[in-house]
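Beneath this line is the structure, given in structure tokens, with notes to follow.
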Amino acid sequence: MKKARLMIVTAAVCWGMIPLFYHMMSTAGLNRMQTIAMRFFFAAIGYVLYLLMRDRTLLRIHRPVHLLYFMGTGVCSLAFFNFCYVTCIHQAGVTVGVLLLYTAPAFVLAMSALLFRETLTARGIAALGMTVLGCAFVAGVFSGGGLRISPAALLWGLGAGFGYALYSIFGKFALRHYRAETITAYTAVFAAAATLPLAEPAGLLRLAARPAVWGGALGCALICTVLAYLLYTAGLVKVPAGQAAILSTVEPVVATLLGVLLLQEQMTGGKICGIGLVLSAIALCNAPKKRAAQ
């Protein structure tokens, strides 16, 4: 169980690096949809080549109806939440997008209780509350003047959180029939197929030769997608979906720290409080039951 939790936290660290690679691609001239499409295109190639070299039987689909699982993880989750996420960021900024994206654990806990009959424990509820509060601090909700966003940005942000949550749900169903490698490979293939037609392919080809585009796309694909989702999906084998969603909230902490260290973003007292709350929530999830009760 500890190894599975570590896998999920490591995956979240990889996801926290996404803004760096997106920044590389956007400064090279790619628009929002093109950065998403490049990420999933190279991720799909990486996953498929990996399975062809390791064990091509893992690419076998047992029943055609199971493709619905991968449509769920790839289109309904990855493609949908990334589009909502970047749109929210475009309209309201990165901090608002991060805050609303991490409403995902609430969606996961609710859906897991209904679909998988996972128990909503006091520890889980407490960790969720700490996570939401920590993300609010990181996003600057309690800073002077408050946080003002448009209804459209709010809906896009909540859509990102809901779409993000769907990966844990569809992933749990798919794990009943397939290994983590198979799920992540087909997830990337479906996500690429959904985003490439919307990414102005002709213009994307003209920009793809730039080194910053290649570097950003490969880094985002191999580190933030291939490695991250392999680790996260493998962790879901032993970790309940609701707890996995809470553990993954280390992502905004990593994104905030990298923003401060590498992108010269400002570190505030609120961000420090938020980081402490999220790390405390992760520690609470990993604490033995007797210690947590105390």
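The values are calculated or read from the model by the stated rules, or taken from the named source; none is laboratory data. Values in this document were obtained by computation on a predicted structure and should not be read as measured data. Reconstructed Cβ throughout: ideal geometry from the backbone, glycine too, with neighbour counts over all protein chains shown. Note: accessible area is taken over every heavy atom of the protein model, side chains too, but ligands, DNA and RNA are not part of it. Shrake-Rupley method; radii C 1.70, N 1.55, O 1.52, S 1.80 Å.
Observations
- Taking each residue of segment 11-24 that is closer than 16 Å to Ala244 by Cβ and aromatic (Phe, Trp, Tyr) and looking for partners that are open to solvent by less than 10 Å² (accessible area, probe 1.4 Å) and assigned to a helix (DSSP H, G or I) with beta-carbon atoms closer than 7 Å, six or more apart or interchain, yields Trp15/Cys224; Trp15/Ala228.
- Test: Ala244 is open to solvent by less than 20 Å² (accessible area, probe 1.4 Å) and either under 25 Å from Leu20 (Cβ atoms) or not hydrophobic (A, V, I, L, M, F, W, C) (or both): yes
- The residues of segment 138-159 that are closer than 19 Å to Pro105 by Cα and modelled with pLDDT of 80 or more, listed by number, are Leu154, Leu155, Trp156, Gly157, Leu158, Gly159.
- The one condition in (1) within 19 Å of Leu68 (Cβ to Cβ); (2) modelled with pLDDT of 85 or more that Leu196 fails to fulfil: (1)
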